[in-house]
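Colleague: Quick one: this structure, given as structure tokens, is what I'll be asking you about.
The values are calculated or read from the model by the stated rules, or taken from the named source; none is laboratory data. Fair warning: this is a prediction, and the values are worked out from it, not measured in the lab. Reconstructed Cβ throughout: ideal geometry from the backbone, glycine too, with neighbour counts over all protein chains shown. We work out accessible area using only protein heavy atoms, side chains counted, and drop any ligands, DNA or RNA first. Shrake-Rupley method; radii C 1.70, N 1.55, O 1.52, S 1.80 Å.
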Amino acid sequence: MSRLLVRRPSPLLAEGELTHLDRVPVDADLALAQWRGYVDVFRSRGWDVIEIAPADDQPDGVFVEDAVVVFGDLAVLCRAGAASRRGEAESVRAGVLASGIDLAEIVEPGTLDGGDVLKVGSTVYVGASSRTNAAGIAQLRALLEPRGWEVREIPVTKVLHLKSGVTALPDGTVIGFEPLVDDPALFPVFQGVSEEHGTAVVVLDEGTVLMSSDAPETAAAHRARGLEVVTVDVSEFEKLEGCVTCLSVRLRDGDAPRAAG
């Protein structure tokens, strides 16, 4: 069984935090329609969708990936690097506990955003970004290394989060838009993509990825590799430095140190 943790977007979405992009108008109604389309992709493929309680007073609450990261049977509740986002945590905690997964927590002075965490095989790449600090990375390493994961710190200065610049295909190939990646050589297998919004994929299964519809050349390249590619329009979230990965937390039974995500 594969389960999906999501939260519908706040009416205040347009007021969300921005670090590397200029603020432009965001259509809240369109964002809600796009979010529903995103969730429907997972439902249509048999995923069990679990909605976390709404947080309409939290503009960035829809980006649930930043609040919690799941490693097999352990969920790590993050401590947001942006103080304005720390109010998202309690409702996410309740949603995770209801799912039956063990829960650990990043605590002060550590900060960790889930968008800075990329799992590839038994390796966990963690972005040292403006949102994730050394104390947060050290706490995560202490939680994970006894469980068989290797934690590697990656510098992130050009984008908000590590996964704003790179994600991974089902075979473990790390992909990214090179102008947004500090050092592609830090990844054993790296493949550049030709479009900024082609950096982010969600692995639906070993042969299928979900990505933004705003990267047709990258989608074609993935199909040429033999992958099935499902695309969705997430333009309103991209305006706020979001992407397809940060709109959900994926729970897969038997997700030991191996899956990309």
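Colleague: Using 0.36 nm per residue of separation minus the Cα-Cα distance, give me the extension gain between Asp205 and Asp183 in nm, one decimal.
Modeller: Between Asp205 and Asp183, full extension yields 5.1 nm more.
Colleague: So how strong a dipole does the chain carry about its Cα centre when Lys and Arg Cβ are +1 and Asp and Glu Cβ are -1, to the nearest 20 debye?
Modeller: 520
Colleague: Mind telling me which of Val156, Val76, Val232 comes out most flexible in a GNM of the chain, alpha-carbon contacts under 10 Å?
Modeller: Val232
Colleague: If you don't mind, another one. Connecting C-alpha atoms closer than 10 Å in a GNM of the chain, tell me which of Arg250, Arg86, Arg131 has the biggest fluctuation.
Modeller: Checking each option, the largest mean-square fluctuation is seen for Arg86.
Colleague: Counting only heavy atoms of protein chains, what accessible area per residue, in Å², does the stretch 2-252 have with a probe of 1.4 Å?
Modeller: 39
Colleague: Moving on to the next point. Show me the helices of the chain, taken as full DSSP H stretches, that run 18 Å or more along their long axis by Cα and average -1.0 or above in Kyte-Doolittle hydropathy.
Modeller: 28-44
Colleague: So which aspartates and glutamates can Lys119 reach, going by Cα to Cα under 17 Å and dropping same-chain residues fewer than 8 places off?
Modeller: List returned: Glu65, Asp66, Asp73, Glu145, Glu150, Glu153, Asp171, Asp205, Glu206, Asp253, Asp255.
Colleague: Along the positive direction of the dipole of the chain (beta-carbon charges: Lys, Arg +1; Asp, Glu -1; about the Cα centre), which of Val68, Leu32, Ser99 reaches farthest?
Modeller: Going by the charge dipole, the pick is Ser99.
Colleague: Here's another thing I want to ask about it. Hey, any idea what % of the stretch 2-252's accessible area is carbon plus sulfur with a 1.4 Å probe?
Modeller: 50
Colleague: OK, next. Between the alpha-carbon centers of the stretch 134-151 and the stretch 180-219, tell me the distance in whole angstrom.
Modeller: 25
Colleague: Here is a follow-up. Based on DSSP H runs of at least 4 residues, each adding -39500 (n - 2.57), what is the mean residue ellipticity at 222 nm of the chain after dividing by all its residues, to the nearest 500 deg cm²/dmol?
Modeller: Calculated at 222 nm, the ellipticity per residue is -6000 deg cm²/dmol.
Colleague: In nm, to one decimal, how far is the Ser84 label point from the Ser99 one, both placed 7 Å along Cα→Cβ?
Modeller: 2.6
Colleague: Next question. Along the charge dipole of the chain, pointing to its positive end and built from +1/-1 on Cβ of Lys, Arg, Asp and Glu, which listed residue (Phe187, Leu143, Thr218) has its Cα farthest out?
Modeller: So the residue we want is Leu143.
Colleague: Let me ask something else. Can you give the direction-averaged projected area of the convex hull of the alpha-carbon atoms in the stretch 2-252, in nm²?
Modeller: So the Cα hull casts an average projection of 11.8 nm².
Colleague: Obtain the nm distance between the two label points defined at Ser2 and Thr19 by a simple spin-label model: each point lies 7 Å from its Cα along the Cα-to-C-beta direction.
Modeller: Label-label distance for Ser2 and Thr19, simple model: 2.8 nm.
Colleague: Hey, with R₀ at 45 Å, roughly what FRET efficiency would Leu12 and Ala224 work out to, going by the Cβ-Cβ distance, to 0.05?
Modeller: Taking R0 as 45 Å, the efficiency between Leu12 and Ala224 is 0.65.
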